[in-house]
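Okay, so here's the structure we're looking at.
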Amino acid sequence: MNRILLPAVAGALVAMSGAALAETAVSAVADLNVRAGPGPQYPVIGTLAAGQSATLEGCIENSKWCTIAEANGQGWIYSDYVTADFGGNEVVLTRRPADAEISIVEAPADSEYSDTYTGTIVSAEPIEPIRRPPAEVRTYIDTNRLDPVYLEGEVVPGAILPDTVELREIPDYDYRYVYVNDQPALVDPGTRRIMYVER
């Protein structure tokens, strides 16, 4: 079984509501951030690689944020980018059947969890990211850091940014850049699709 790429994390215990249900195996459909808490404002503590499995502990009610338990700690993932087996079919977790037995978890007591953001990243079919950009592009992005824009959702190649997000030019380069949820991303200005995420 694949292991998640996480450092040891001193995770807060998550309170389960109701009876504990069976843990569910999930698989990432794209390289997916694992965060220290349920929201894009939390730091990235690891990555669940495309095709990699993890154990889902549960999801916050009426939210797309779910917790997994791997590598001696807990992490949070955005459920638009993981699948699980429901009735013999691989289904994106946010589209699971209404009768799916997924545990409901509460956000940690010290949580900065919020469901109010300035916009939403449109989840789309993940794409193969472009190759790592040239060193001069990465240097330009690092030395011309922007204030991050926080949007509901997760930063994944293929996802689409709303029109309200300002994209910045990179000299002599086709793609634009922006810091979304505190991560630099290269974006196709025509489609507003995220093409590459610097991790």
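Does any residue of segment 170-180 turn out to be surrounded by fewer than 17 Cβ atoms within 10 Å (Cβ to Cβ), under 18 Å from the mean Cα position of the chain (by Cα) and not assigned by TED's automatic domain parsing to the domain that holds Trp65? The answer is no, given that none of the residues of segment 170-180 is surrounded by fewer than 17 Cβ atoms within 10 Å (Cβ to Cβ), under 18 Å from the mean Cα position of the chain (by Cα) and not assigned by TED's automatic domain parsing to the domain that holds Trp65. Tally up the residues in segment 27-40 that are within 11 Å of the chain's Cα centre (by Cα), part of a strand (DSSP E or B) and under 16 Å from Ala69 (Cβ atoms), please. So the count comes out to 4. Residues in segment 41-59 that are modelled with pLDDT of 90 or more, in a loop (DSSP other than H, G, I, E, B) and within 24 Å of Tyr150 (Cβ to Cβ): how many? So the answer is 0.
Here is a list: Ile121, Ile127. Which entry is surrounded by fewer than 19 Cβ atoms within 10 Å (Cβ to Cβ) and out of contact with any Phe, Trp or Tyr (no Cβ under 7 Å at 6 or more places or on another chain)? Full working, then the answer.
Values: Ile121 fails: surrounded by fewer than 19 Cβ atoms within 10 Å (Cβ to Cβ).
Matching residue, one of Ile121, Ile127: Ile127.
Among the residues of segment 178-193, those that are at pLDDT 95 or above, closer than 27 Å to Val82 by Cβ and either assigned to a loop (DSSP other than H, G, I, E, B) or not β-branched (Val, Ile, Thr) (or both) comprise Tyr179, Pro184, Ala185, Leu186, Asp188, Thr191, Arg192, Arg193.
Tallying residues that are within 30 Å of Val92 (Cα to Cα) and either in contact with a Lys or Arg (Cβ under 9 Å, 6 or more places away or on another chain) or at pLDDT below 85 (or both) within segment 113-141 yields 14.
The condition (being out of contact with any helix residue (DSSP H, G or I) (no Cβ under 6 Å at 6 or more places or on another chain), more than 21 Å from Tyr81 (Cβ to Cβ) and not hydrophobic (A, V, I, L, M, F, W, C)) is satisfied by just one residue among Tyr175, Tyr150, Tyr196: Tyr175. Of everything in segment 138-164 that is surrounded by fewer than 16 Cβ atoms within 10 Å (Cβ to Cβ) and of a type in the set (Val, Ile, Thr), the residue that is nearest to Ile77 (Cα to Cα) is Thr164.
Show the residue pairs meeting these rules: Cβ distance below 8 Å; 6+ apart or different chains; first residue within segment 82-101 and within 12 Å of Cys66 (Cβ to Cβ); second residue of a type in the set (D, E, K, R) and part of a loop (DSSP other than H, G, I, E, B). Correct list of pairs: Ala84/Arg96; Thr94/Lys64. Say whether the condition of being more than 29 Å from Tyr179 (Cβ to Cβ) and in contact with a Lys or Arg (Cβ under 9 Å, 6 or more places away or on another chain) is met by at least one residue in segment 68-77. No: segment 68-77 contains no residue that is more than 29 Å from Tyr179 (Cβ to Cβ) and in contact with a Lys or Arg (Cβ under 9 Å, 6 or more places away or on another chain).
Does Ala135 satisfy the condition of being out of contact with any Ser or Thr (no Cβ under 7 Å at 6 or more places or on another chain), among the small types (Gly, Ala, Ser) and within 27 Å of Gly75 (Cα to Cα)?
Taking the combined requirement at face value, the residue does not satisfy it.
The values are calculated or read from the model by the stated rules, or taken from the named source; none is laboratory data. The shown structure was predicted, so the numbers you read here are calculated from the model rather than taken from an experiment. As a convention, Cβ positions derive from the backbone with ideal geometry for all residues, glycine included, and neighbour counts pool all protein chains shown.
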